[in-house]
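Computed from the coordinates by the stated procedures, all read-outs in this text should not be read as laboratory data. All figures in this text were calculated on a predicted structure; none of them were measured in a lab. For neighbour counting, all protein chains shown are included, and Cβ atoms are generated from backbone atoms with ideal geometry for every residue, glycine included.
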Amino acid sequence: MRLFQGKTIDRTSDRGMLITILALAWPTMLEQFMQTAVQYIDTAMVGTLGTQATAAKRAVAQAVLLTCVLGVFFTVLTVALSGMILWKSVIC
């Protein structure tokens, strides 16, 4: 696999696997960092409006987080059950 300046990386070694994973994961890590930074800046901006505005923002953030967690839960559940069903159909 060619990653940096035409160098070939052996993906079968542990170091090669780590380099491949980091090369694929860095955009996601950067996005998570930027999302966290935006949340902090947003909270600071709302904080200038007063305690009621900050409490309202936090209440909405909790509802959004709960919705995301439930979405991930049902996605993982669906994938796991589908995998079990497909695995049984392959074995039997």
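For region 51-92, the spread of Cα positions along the three principal axes, ordered from largest to smallest, is 61, 6, 5 Å. Averaging 1/r over every pair of different alpha carbons in the chain and inverting the result gives a Kirkwood radius of 17.8 Å. Which distance in nm do the two modelled labels at VAL38 and LEU70 give, with both placed 7 Å along the Cα-to-Cβ direction? The two pseudo-label positions are separated by 2.3 nm.
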